[in-house]
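**Q** Quick one: structure below, then a few questions.
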């Protein structure tokens with residue numbers, strides 16, 4: 001190995017400290033009277049020293065199927081750096097990065113290529129190799145495969161994995177400042193790591209119970225559709241656009257065989273979701289999230305409260321404003337003041353607001369799974385709502401009647417969209433932490449990284 005640099009003595013001392021043989025400290029005695037520094041270089045010959053240096057560098061860099069042929073210090077406008085020149089082993093040369101088969105050479109490089117590696121002692125480190133291009137009969141002309149980097153990447157695999165792990169736990173701006181790369185480079189690295197993970201794992205295999213929901217990622221009614229595995233809680237798929245074509249694209253990737261194995265699907269009452277589910281997964285139970293049903297009823301109750309507010313006597317202006325939450329919250333979660341306000345409304349059992357509140361409590365009791373079978377109580381509630389003289393409840397009845405089978409499935413199967421909503425909450429926190437994303441692909445990559453199991457382990461930890 002050749003080491004050519006003005007800092008050669010510094011590098012020799014650094015390598016000597018790493019390759020030296022440490023001995024435990026002992027008090028001098030008759031047998032141990034010779035003074036030592038804690039490492040033994042007295043019998044090291046130049047050839048043995050060079051061999052040790054190569055082995056230490058390869059161990060520190062984590063490089064396999066290549067040998068170190070040179071190390072030098074360099075400097076550019078971003079500061080100082082260490083450049084390690086490598087040479088591939090004979091059996092690792094001239095391989096296609098896609099199929100990894102040996103291929104004939106196409107041309108030789110005009111200059112060696114560099115890959116950014118993990119820092120060494122606070123200095124940026126680059127791996128250098130005169131990588132040639134090969135002519136693959138299947139994938140055409142490609143730059144030959146190198147063991148330490150992903151295809152067509154300018155960073156090593158260890159550097160990519162470190163960036164991806166940091167992005168899963170910190171903002172991109174902090175990661176780019178710490179590793180001295182641009183935030184656009186950080187975003188590209190995250191997408192590359194996620195694509196590599198998605199290509200290596202079969203996340204769509206073994207799906208039985210899934211949840212589908214949409215989330216707004218940007219103003220202007222821009223949505224993502226997310227699909228979550230209920231059994232593992234992991235995000236398995238995400239696509240842009242809350243529309244029928246997005247759901248169809250998911251089932252196209254899933255395939256007919258795996259789609260027929262799905263048994264339960266939780267979702268809201270969106271028309272575009274139901275149309276695709278009836279066509280692509282007719283044998284699965286479509287379970288409408290009870291949360292959305294209760295949300296409809298609460299909205300109807302709130303509209304009724306606003307309409308009859310002036311008829312309620314015995315309440316101050318402040319209490320009238322607080323009455324809303326006294327009616328919408330569960331009775332077990334009310335404060336003492338809210339219980340008093342609720343009792344004022346319920347005391348007049350024949351009032352419009354009291355009867356609307358009673359209808360809301362009845363449907364909440366049905367959706368909680370208190371009945372052995374909720375079908376009969378749900379049908380009775382629907383008949384009562386359709387005959388009700390309260391306009392807000394009567395106009396709500398057709399919407400619930402339309403989804404009564406899906407509501408029954410959700411209660412009987414005890415399925416909700418809670419796991420999907422947890423994923424949506426996490427995506428909102430990612431968006432807030434990053435102050436928004438320019439493209440949906442960037443958010444999808446971060447979602448797969450943090451919620452899809454694509455976050456790699458830190459290198460050199462095993």
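**Q** Within the stretch 281-300, track down each residue that is in contact with a strand residue (DSSP E or B) (Cβ under 8 Å, 6 or more places away or on another chain) and farther than 14 Å from residue 403 by Cα.
**A** Scanning the stretch 281-300 gives 281, 284.
**Q** Still on this structure, I have one more. Which condition does residue 114 not pass, out of (1) assigned to a helix (DSSP H, G or I); (2) within 25 Å of residue 176 (Cα to Cα); (3) in contact with a strand residue (DSSP E or B) (Cβ under 6 Å, 6 or more places away or on another chain), if it passes all the others?
**A** (1)
**Q** If you take just the strands (runs of 3 or more DSSP E) that sit entirely in the stretch 167-241, which of them hold at least 2 residues that are under 21 Å from residue 440 (Cα atoms) and out of contact with any helix residue (DSSP H, G or I) (no Cβ under 6 Å at 6 or more places or on another chain)? Working first, answer last.
**A** Details: elements: 209-218, 222-229, 235-240.
The qualifying strands (runs of 3 or more DSSP E) are 209-218, 222-229.
**Q** Picking from 377, 282, 290, which residue would you name as being under 34 Å from the mean Cα position of the chain (by Cα) and surrounded by fewer than 20 Cβ atoms within 10 Å (Cβ to Cβ)? Can you show your working first?
**A** Working: 377 fails: under 34 Å from the mean Cα position of the chain (by Cα); 290 fails: surrounded by fewer than 20 Cβ atoms within 10 Å (Cβ to Cβ).
Sole residue among the options that is under 34 Å from the mean Cα position of the chain (by Cα) and surrounded by fewer than 20 Cβ atoms within 10 Å (Cβ to Cβ): 282.
A quick yes/no check of all residues on (1) surrounded by fewer than 19 Cβ atoms within 10 Å (Cβ to Cβ); (2) touching a residue at least 12 places away in the same chain (Cβ under 8 Å); (3) within 12 Å of the chain's Cα centre (by Cα):
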{"residue": "383", "(1), (2), (3)": "yes, no, no"}
{"residue": "388", "(1), (2), (3)": "yes, yes, no"}
{"residue": "393", "(1), (2), (3)": "no, yes, no"}
{"residue": "404", "(1), (2), (3)": "yes, yes, no"}
{"residue": "438", "(1), (2), (3)": "yes, no, no"}
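**Q** So, one more: Can you spot a residue in the stretch 366-386 that is in a helix (DSSP H, G or I), farther than 30 Å from residue 405 by Cβ and in contact with a helix residue (DSSP H, G or I) (Cβ under 6 Å, 6 or more places away or on another chain)? If you could, list the steps in order and put the result at the bottom.
**A** Within the stretch 366-386, the first condition is being in a helix (DSSP H, G or I), and the residues that meet it are 366-367, 375-386.
Imposing the further condition that a residue be farther than 30 Å from residue 405 by Cβ reduces the set to none.
No, because not a single residue in the stretch 366-386 is in a helix (DSSP H, G or I), farther than 30 Å from residue 405 by Cβ and in contact with a helix residue (DSSP H, G or I) (Cβ under 6 Å, 6 or more places away or on another chain).
**Q** From the list 186, 198, 146, 181, exactly one residue is within 16 Å of the chain's Cα centre (by Cα) and touching a residue at least 24 places away in the same chain (Cβ under 8 Å). Which is it?
**A** 198
**Q** While we're here: Between 324, 340, 311, 303, which is at pLDDT 90 or above and either in the same structural domain as residue 385 (by TED's automatic domain parsing) or out of contact with any strand residue (DSSP E or B) (no Cβ under 9 Å at 6 or more places or on another chain) (or both)? Explain how you work it out, then say what you get.
**A** Values: 324 fails: at pLDDT 90 or above; 340 fails: at pLDDT 90 or above; 311 fails: at pLDDT 90 or above.
Going through 324, 340, 311, 303 in turn, the sole match is 303.
**Q** Sort out which residues of the stretch 443-462 are touching a residue at least 60 places away in the same chain (Cβ under 8 Å) and more than 11 Å from the chain's Cα centre (by Cα), and write them in order of number.
**A** 456, 457, 458, 459, 460
**Q** Would you confirm whether any residue within the stretch 181-203 is surrounded by fewer than 20 Cβ atoms within 10 Å (Cβ to Cβ), within 30 Å of residue 283 (Cα to Cα) and touching a strand residue (DSSP E or B) at 6+ places or on another chain (Cβ under 6 Å)?
**A** Within the stretch 181-203 (the criterion being surrounded by fewer than 20 Cβ atoms within 10 Å (Cβ to Cβ), within 30 Å of residue 283 (Cα to Cα) and touching a strand residue (DSSP E or B) at 6+ places or on another chain (Cβ under 6 Å)), the answer is yes, since at least one residue qualifies.
**Q** Residues in the stretch 139-147: is at least one under 26 Å from residue 432 (Cα atoms) and either assigned to a helix (DSSP H, G or I) or in contact with a helix residue (DSSP H, G or I) (Cβ under 8 Å, 6 or more places away or on another chain) (or both)? Don't jump to the end; show me each part of the working.
**A** Of all residues in the stretch 139-147, those under 26 Å from residue 432 (Cα atoms) come to none.
No: zero hits.
**Q** Could you list, in sequence order, the residues of the stretch 77-94 that are modelled with pLDDT of 90 or more, in a strand (DSSP E or B) and surrounded by fewer than 16 Cβ atoms within 10 Å (Cβ to Cβ)?
**A** Listed by number, the residues that qualify are 80, 87.
**Q** Within the stretch 438-456, identify whether any single residue is part of a helix (DSSP H, G or I) and within 30 Å of residue 58 (Cα to Cα), and answer yes or no.
**A** We begin by selecting, within the stretch 438-456, every residue part of a helix (DSSP H, G or I); these are 440-451.
Filter again for within 30 Å of residue 58 (Cα to Cα), leaving 449.
Yes: one or more hits.
**Q** Tell me, yes or no, whether the stretch 258-272 has at least one residue that is surrounded by 21 or more Cβ atoms within 10 Å (Cβ to Cβ) and within 20 Å of the chain's Cα centre (by Cα).
**A** For the stretch 258-272, residues surrounded by 21 or more Cβ atoms within 10 Å (Cβ to Cβ) and within 20 Å of the chain's Cα centre (by Cα): absent.
**Q** Of the conditions (1) closer than 27 Å to residue 158 by Cβ; (2) touching a helix residue (DSSP H, G or I) at 6+ places or on another chain (Cβ under 7 Å); (3) modelled with pLDDT under 85, residue 41 fails just one. Which one is it?
**A** Unmet for residue 41, out of (1) closer than 27 Å to residue 158 by Cβ; (2) touching a helix residue (DSSP H, G or I) at 6+ places or on another chain (Cβ under 7 Å); (3) modelled with pLDDT under 85: (1).
The rows are residues; the columns are (1) surrounded by 19 or more Cβ atoms within 10 Å (Cβ to Cβ); (2) closer than 28 Å to residue 195 by Cβ.
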| residue | (1), (2) |
| --- | --- |
| 63 | yes, yes |
| 71 | yes, no |
| 75 | no, no |
| 101 | no, yes |
| 116 | yes, yes |
| 122 | no, no |
| 133 | no, yes |
| 145 | yes, yes |
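**Q** So, one more: Being within 40 Å of the chain's Cα centre (by Cα), in contact (Cβ under 8 Å) with a residue 12 or more places away in the chain and surrounded by fewer than 14 Cβ atoms within 10 Å (Cβ to Cβ) is the requirement here; does residue 333 meet it? Explain how you work it out, then say what you get.
**A** Details: within 40 Å of the chain's Cα centre (by Cα): yes; in contact (Cβ under 8 Å) with a residue 12 or more places away in the chain: no; surrounded by fewer than 14 Cβ atoms within 10 Å (Cβ to Cβ): yes.
For residue 333, the condition - within 40 Å of the chain's Cα centre (by Cα), in contact (Cβ under 8 Å) with a residue 12 or more places away in the chain and surrounded by fewer than 14 Cβ atoms within 10 Å (Cβ to Cβ) - is not met.
The values are calculated or read from the model by the stated rules, or taken from the named source; none is laboratory data. These numbers come from a predicted model, not from an experiment. Every residue, glycine as well, gets a Cβ built from its backbone with ideal geometry; the counts of neighbours run over all protein chains shown.
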